[in-house]
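Notes follow the structure.
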Amino acid sequence: MLTGMFFTASTALIAIAKIGLDVWLVGRLGSSELAAFSFVFPVLFLMLSIGRGLYIATASIFAGANYIQGGRVNRTALLKVLTLSLLLGCGVSVVAYCSLPWLLGLMGAGDLQARLDEYFIVWLWTVPMMFLSANTFAIARNLGYIKLASALTLGATIAGALASLILVPAEFSGRPLGIVGSAYSTLLTSFLSTAASLFVVFYFSRARDANQTETTMSALLVRTSRIAFPVLFSNILAFAFMSYTTRILAGFGEDAVAAYAIIGRFEQFLFVFQTAFVTVAIPAMSRRFSSGNPGSGRAFAFGAGKLMLAVGALLALLLMVAATTVADWAAPTSESAALCAFYLTYCAIGTVFQGIFLLATTALNLVGQARKALLCYFLNYCVLSPIVIGLLALPSAQHALGALAACALVSGVLACCYANRTIARQHAEKAHEVGGRRLSSV
């Protein structure tokens, strides 16, 4: 399990390096193109959050039911889950396309909106594939093929990176493709990873056995919704938070927005290890929680949290040491470089606690405490958000970034304590219930 976590984290790091490559290539085209790129990431985060909800739901359903037996997955259940995700992905793409003018205007895109429209017309085709792959990778890891799933992602990402090197600087109609070229390379990456993961799960599937219960489409939809929708609603709060933050930083000038785009990639560099650990841990936690022993799942989650904290702190320290060099390399102007160096020196540790927050809320979802997980998000983004609203009164972008990092640290610690207390209480109640049954039987 531990080697699978590190292999997945390393593979995910390559995926983030691909995004970092795109940012660097786009940054070479000027601050305006890079500033446009910064408005992409809140929307990307929202879509990835929906996919994460589907991943958690699928991992939980296929771990708790008898859909996987003898290293083979029930093909009927597989087809139904994939159909639901495909329909959802197409619907979300259409809604997102129709809502883009309003969303981008709300985020303060201004003159960059036309360029962003060109990007999203291409990129939104990846959404249905993103949702399909959330199912297929969750099932592949439930089958035990953790490293194979990560290897598929690695191959697709390398192909996408090579495409970015060609497409981002390529000229079309007298101007570089820029962020549109990045959208095409992302589309290629999504297609390759989705196609490969579909092949794997269907290869290891078989027709339903006589001893396996038949599940209707509506029943699967209900079971998926119970986990996926709370995750979606909680991440809508996060999306609103990120969008408003982007708008606030836009008030400090184009260099601040460009720096925020670069900072987002460094945050992803740190966050990728956190999410990789959570991704690999979800099937194992699902099996432990569904076995009726919350204490086992709690102990596993606590161990994963300590590992995430140690690795994240080490990476944050490395970025702190190399802050000035990395910022000068990544930023297109001296002003944006100064902002990046400030963040890497003083604020990067906050991202580590974003990963702890993710682990804690995921554990709450897996034990059936979706409302309490949603409460954690509400407290984070609706109670702590007055701090962000107060950023409007702060004198500089450095102060704004520092306040954001402090919010991430506080919310991560509080969510971890709350999740640990909730699961411990549930474990105690379960033990008391079992003890009562034994006494009554005697």
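The values are calculated or read from the model by the stated rules, or taken from the named source; none is laboratory data. Everything numeric in this text was worked out from a predicted model, so none of it was measured. Using ideal geometry, Cβ is built from the backbone for each residue, glycine included, and neighbour counts are taken over all protein chains shown.
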Candidates LEU392, LEU401, LEU375, filtered to the one that is at pLDDT 75 or above, hydrophobic (A, V, I, L, M, F, W, C) and assigned to a helix (DSSP H, G or I): LEU375
One residue from LEU106, LEU86, LEU132, LEU100 being under 25 Å from PHE204 (Cβ atoms) and either surrounded by fewer than 22 Cβ atoms within 10 Å (Cβ to Cβ) or basic (Lys, Arg) (or both): LEU86
Tally of residues being of a type outside the set (A, V, I, L, M, F, W, C) and at pLDDT 75 or above across region 332-354: 6
Residue check for VAL222: modelled with pLDDT of 75 or more, over 22 Å from the mean Cα position of the chain (by Cα), in a helix (DSSP H, G or I) and over 28 Å from ALA316 (Cα atoms): no
Qualifying residue in region 169-178 (condition: crowded, with 17+ Cβ neighbours inside 10 Å, in contact (Cβ under 8 Å) with a residue 12 or more places away in the chain and more than 20 Å from ALA36 (Cβ to Cβ)): no
Neighbours by Cβ (under 7 Å, 6+ apart or cross-chain): first from region 410-427, farther than 14 Å from PHE302 by Cα; second surrounded by 21 or more Cβ atoms within 10 Å (Cβ to Cβ): SER411/PHE357; SER411/ASN380; GLN426/PRO294; GLN426/VAL367; HIS427/PRO294; HIS427/ARG298
Residue within region 328-335 that is farther than 20 Å from LEU25 by Cβ and in contact (Cβ under 8 Å) with a residue 24 or more places away in the chain present: yes
Only listed residue being within 14 Å of the chain's Cα centre (by Cα), part of a helix (DSSP H, G or I) and at pLDDT 70 or above, chosen from LEU21, LEU44: LEU44
Sole exception among (1) crowded, with 24+ Cβ neighbours inside 10 Å; (2) more than 21 Å from PRO101 (Cα to Cα); (3) of a type outside the set (A, V, I, L, M) for ARG72, by number: (1)
